[in-house]
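Worksheet: one structure, shown below.
What follows is calculated from the coordinates using simple rules that are stated; it is not laboratory data. Quick caveat, the model's predicted, so the values are computed rather than measured. Virtual Cβ from ideal backbone geometry, glycine too; neighbours counted across all protein chains shown.
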Amino acid sequence: MAKGKLKKSKHTSSVVKSRQKEMAEPNKYMFSLAAIALVVAVCVVPLAAEISSSGFPHHKHIALKMDEAFLTVNNELDTEVVVSWMSERCYQCLYQQLGVVPAGSSPGQPGSVDFVVSTQHEITLQLNSTPVNLELCTVPFHFGEHGNYSVWVKNLNDSSVVNCSLVTHADPVNSYIPILVAFLIFAGLALVSAIGKTILGLDAVKAILFRISGTMETERLINSELGSPGRTGAPVTDNILPPPPSPSKRLRSLDTFRGISLVIMVFVNYGGGRYWFFRHESWNGLTVADLVFPWFVFIMGTSIALSMNAMLRAGSTRRSLLVKILWRSLQLFIIGVFIINPNYCQGPLSWNNLRIPGVLQRLAWSYLAVACLDLLVARGHLDVIPTDAWWSPGLDILLYWPAWLCVLLLEMIWLFLTFALPVPGCPTGYLGPGGIGDMGLYANCTGGAAGFLDRWLLGENHIYQTPSSRVIYATHMPYDPEGVLGSINSILMAFLGLQAGKIILHYRDLHTSIMSRFLIWGLVLGVISAVLTKCSTDQGFIPVNKNLWSLSYVTTLACFAYVLLVLVYYTVDVKKWWSGAPFYYPGMNSILVYVGHEVFEEYFPFRWQMANSQSHTEHLTQNLVATSCWVFISYVLYRKKIFWKI
């Protein structure tokens, strides 16, 4: 608000308008609740976890970590027993040896060995006799975190038949209670925010608040008129403040969708509470962490279509737009290589260990390819295109057939290289993880052609050294999930997002037409995914695989993206039931939030020294607080109209 001397009536009128605008916007109220949420999350979630873990004794000789349980194997046989294990998420894998249990010294005194086993997934224990490596029995079981178990191996009724029985001595802790508590906290605050917004929207409440705030402001203005004894000032005219900007036609649903992807991405990058489903899948399949990056690429393609059309309508030349595209792509690539680089954890960056691929690098290539394709075929004035022709229902595709042809050609190149490129020492068309997968036959073939091309083009030292396939498949080959070959399919993902933008442009304000076409695209892509995967995780023609960015991965995630976009578009832009908050704010400042959360990851308040680093509760609290901080920062920047665009 302007300072200085004003006529009382004019200034009071300005205050009235300002107060009406502030009362119509409940954002400050909502983010006060968000701040309360942080405090409650820090205090309540750890308390809930302590309650959930109390009363469950742990073995006094072994300090268990997260996702671990204590197992004792008791052997009453007269021969040693080899204990091996295999995760049920490991497809066609070799058993890995856990240890050897000696034979019983005498009847009633079995041989006994203590082990620590993983609790993330169900595992199968295999017990073999050592002299002939004969399988005695298998025990499939999903151990619970910090549980205490024992397996007894003995002859059944003094016969040669071996019996293996599992006994639970101490129940596991419920490690998912912190997630439930956190969900209830944020859901409760969302409910309170909605109720508060409704109450503040009532005419009677508005009138009361307006009278109170108006009276207080009037008193302040009257006092300010006195000024200080030695101060003189000229009257301030009404036109000091610039006129309010015209209403924007920007779709809030797109920024909300981008914000949803970004917030989940930040949360999983910070650790996701160290829960396995907030980490990337080891190889085939999907977790929550595998959803967000493709969605971000998808909505980037949608934004390209809308921004390109807007700039062409504003009179920008295609040459100037090409320069902007090249400069923006170069900026993204440089930031990804030299600022957002995981090799910082190994010390100062040097060319010997510089990782060349990465998330922002993948975004740069996808943006460059799709923006250039759209620049070739985009039309600035869609209102002059006839809509009464027989081919008009396919207008949003047929008008851009050269771009579609280029994308289909790129996809044919991906299919050819993936399934026909000879890879030394590996079967042609191999899509597996290597390591102990496929019965250990192709241990050095991680990623097939995709891994081979990256190692050949970039070198082993310049790609990701610790891929997620190491977790379950025990691979030892470097492999980069943002590698060269997968970039082709990320271009396809962005192009499918571009198609969503074309639908919005051609059917602007025709909400039913837009949503029906989104759903048709979702259905078509879902059918393609079902055919490619045979509706299975590992046995399809092309499994869903984030590490490979396989074709089925793109079609599946694009299907999800279209369906989610329908829901967000309907609730935010059509019915206006939801403003998009709080996801709308990080969606408006996506590059700043992404780069910032990576650069300041190790600083307070995004990370602090934990009392127990082996607690899901403390990790979840820390990661939720860090993510919420970035949402709040993006809100403040939005209010200050600070946006980082490159």
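Things worth noting here:
- Taking all C-alpha pairs of segment 544-587, those more than 16 Å from each other amount to 52 percent.
- Counting all C-alpha pairs of segment 72-190, share separated by more than 22 Å (%): 43 percent
- Cα-Cα P(r), segment 550-646, percent of pairs per 5 Å interval: 2, 11, 15, 15, 16, 17, 14, 8, 2, 0
- Highest mean first, the peptides 260-269, 503-512 sorted by other C-beta atoms within 10 Å per residue fall in the order 260-269, 503-512.
- Placing R0 at 30 angstrom, the Cβ-Cβ distance between His381 and Leu405 gives a FRET efficiency of 0.80 after rounding to 0.05.
- Distance in nm between pseudo-label sites at Ser613 and Leu510 (7 Å out along the Cβ direction from Cα): 5.9 nm
- When you count the other C-beta atoms within 10 angstrom of each residue and take the mean per peptide, 631-637, 554-560 line up highest first as 554-560, 631-637.
- q = 0.12, 0.17, 0.27 Å⁻¹: log10 I(q)/I(0) that the Debye formula gives for segment 249-325, counting C-alpha atoms only: -0.49, -0.74, -1.19
- For segment 571-623, trypsin sites (Lys or Arg not before Pro) are listed when DSSP marks them as loop and at most 13 other Cβ atoms sit within 10 Å of their Cβ; the list is Lys575, Lys576.
- Calculated over segment 485-607, the projected area of the Cα convex hull averaged across directions stands at 10.0 nm².
- Amide hydrogen proximity for Tyr176: with H placed 1.01 Å from N in the peptide plane, no residue at 5 or more positions away or on another chain lies under 5 Å.
- Sorted peptide list for 306-314, 198-206, criterion being average Cβ within 10 angstrom, highest first: 306-314, 198-206
- Across segment 253-357, C-alpha contacts under 8 Å between residues 6 or more apart give a mean separation that, scaled by the residue count, equals a relative contact order of 17 percent.
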